[in-house]
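Before any comments, here is the structure.
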C-alpha cells in the first residue's frame with residue numbers, strides 16, 4: 001500500500017497508472033512466500049511417497065511431480081516478469097476497482113472516476129496489456145481497444161481521504177466463481193460444502209493454486225460483491241473475528257482435500273489462501289458467493305491522505 005497526502009486529479013491518474021503497471025508484473029511478497037511453501041510441501045509429499053513405497057514412479061507420484069513442475073514454472077515466471085517488466089500473464093484482465101471516499105476528500109466522484117479511467121488507459125498502453133474488453137456482452141462483442149470501462153465499486157468511509165484498490169481480474173478464474181443460496185439451516189458445514197462444490201466444478205480451469213474470496217450474507221448480489229472485496233485482503237491475513245478466521249482455515253483445509261493441485265495436476269495444494277467477508281442477511285436466507293483468483297493475484301492499494309477503509 002502506498003500513501004499520498006495530495007488530492008490532485010493528475011496525481012490520481014499517475015498513481016493509478018503506476019499501480020497497475022506494478023500489479024501487472026509483481027505479486028505481493030506474502031503470495032510468493034506462500035507459493036514457495038506450497039512447493040516445499042509438494043516436494044516433501046513426493047519424497048515421502050517414494051520412501052514409503054520404495055517405487056520411484058506410480059500415478060500418485062506422477063501427479064505430485066507434475067504439480068511440482070507447475071509451481072516451479074509459476075515461481076520462475078514471477079522472477080522473469082519482475083526482471084523484464086512484462087505482464088505475469090497474457091490475460092491482463094478486467095480492471096476491478098474499489099473506491100472509498102472519506103470526509104477529507106474534496107473531489108467529486110465523477111472527477112475521480114475520470115482520473116482513474118485516464119490512469120487505466122495509460123497503463124494499458126505502457127504495460128503492453130492485452131485488449132480484452134468488448135462493448136456488448138452478447139451481441140456485437142466489439143473490442144473497445146482500451147480495456148475500458150473498468151468495473152468500479154464505490155463506498156464511503158467515516159474517516160480519511162480517498163482509497164483506491166485495483167485488481168487485474170483474469171477471466172480464466174472469473175468464469176469459475178459462483179453463488180449458492182442456502183437455507184439458514186445449512187450451517188457452517190453447508191457453507192463449507194457449497195464452497196468446495198464450486199471449487200470442485202472449477203477444477204484446473206482457474207489456474208490453481210488459487211485464492212478464494214468468500215462473501216456471506218446480504219442478498220445474492222451483496223454476497224458476490226463481498227466475495228470480490230475479500231480478494232483485496234493481503235494473502236494469508238486472517239479475518240479479525242475469531243469465528244470467521246476459524247471458518248477460513250476450515251474452508252482451506254476442505255478445499256485441499258479436492259486434490260486438484262497446481263495446474264490441475266492433482267497435487268496436495270489446491271488453494272493458497274481463503275478470505276471471508278460477511279454482512280447481515282434476511283432470516284430466510286444464507287447467501288454464499290465465491291470469487292476465485294488464479295495464482296497471479298494482481299492488485300494495488302493506493303491511499304490518499306488519512307486512513308480510509310475500503
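Can you find a residue in segment 14-22 that is closer than 22 Å to residue 208 by Cβ, surrounded by 13 or more Cβ atoms within 10 Å (Cβ to Cβ), outside the structural domain of residue 225 (by TED's automatic domain parsing) and touching a residue at least 40 places away in the same chain (Cβ under 8 Å)?
No, segment 14-22 contains no residue that is closer than 22 Å to residue 208 by Cβ, surrounded by 13 or more Cβ atoms within 10 Å (Cβ to Cβ), outside the structural domain of residue 225 (by TED's automatic domain parsing) and touching a residue at least 40 places away in the same chain (Cβ under 8 Å).
Working carefully through the options 261, 236, 266, find the one that is crowded, with 16+ Cβ neighbours inside 10 Å, at positive phi and touching a strand residue (DSSP E or B) at 6+ places or on another chain (Cβ under 7 Å).
Unique residue meeting the criteria: 236.
Is it the case, given these coordinates, that residue 146 is touching a strand residue (DSSP E or B) at 6+ places or on another chain (Cβ under 8 Å), in the same structural domain as residue 162 (by TED's automatic domain parsing) and in a loop (DSSP other than H, G, I, E, B)?
Against the criterion (touching a strand residue (DSSP E or B) at 6+ places or on another chain (Cβ under 8 Å), in the same structural domain as residue 162 (by TED's automatic domain parsing) and in a loop (DSSP other than H, G, I, E, B)), residue 146 does not qualify.
Keeping to segment 41-79, report how many residues are loosely packed, with under 12 Cβ neighbours inside 10 Å and either at pLDDT 95 or above or outside any helix (DSSP H, G or I) (or both).
The number of residues fulfilling the criteria is 6.
Would you point out which residue out of 143, 147, 114 is out of contact with any helix residue (DSSP H, G or I) (no Cβ under 8 Å at 6 or more places or on another chain) and either touching a residue at least 12 places away in the same chain (Cβ under 8 Å) or within 30 Å of residue 284 (Cα to Cα) (or both)?
That would be 143, the only listed residue that is out of contact with any helix residue (DSSP H, G or I) (no Cβ under 8 Å at 6 or more places or on another chain) and either touching a residue at least 12 places away in the same chain (Cβ under 8 Å) or within 30 Å of residue 284 (Cα to Cα) (or both).
Of all residues in segment 227-286, count the ones that are assigned to a loop (DSSP other than H, G, I, E, B), closer than 15 Å to residue 216 by Cα and touching a helix residue (DSSP H, G or I) at 6+ places or on another chain (Cβ under 6 Å).
The total comes to 1.
The values are calculated or read from the model by the stated rules, or taken from the named source; none is laboratory data. On a predicted model such as this, the values are computed, not experimentally measured, just so you know. Quick reminder, even Gly has a Cβ in these numbers, built from the backbone with ideal geometry, and neighbours come from all protein chains shown.
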